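All of the numbers you see were taken from the coordinates with simple rules; none came from a lab. On a predicted model such as this, the values are computed, not experimentally measured, just so you know.
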Amino acid sequence: MVPSPGASGCTGKLVVANALQRGWAVQAMVRRPETMDNFANNDNLTVIQGDFPNQTAIQATMRDTTHVMCCARGPQTPHSASHHI
């Protein structure tokens, strides 16, 4: 089982898709589960609603896992937004 915080972003969706194509079981932690609807028919994906301040969601996402694919970015500030590539 591979947890993936930040799975609903552009990079996260690519990472999750690649992991699922390889047959890996993925637990995706996202703020809004509906953002993962395009993966709805994949039995290897478990979507957990949560974010980093939510310790219960983090514990659920990390339970029974061997590796972590973290695709989350930090909070966006005016400075980081102006330098985003």
Practice prompt. Enumerate the whole-percent occupancy of each 10 Å bin, from 0 to the last occupied one, for all C-alpha pair distances of segment 2-73.
Written response: 23, 61, 15, 0
Response to the item:
Between VAL47 and residues 5 or more places away or on another chain, the pairs with built amide H atoms under 5 Å apart involve ALA28
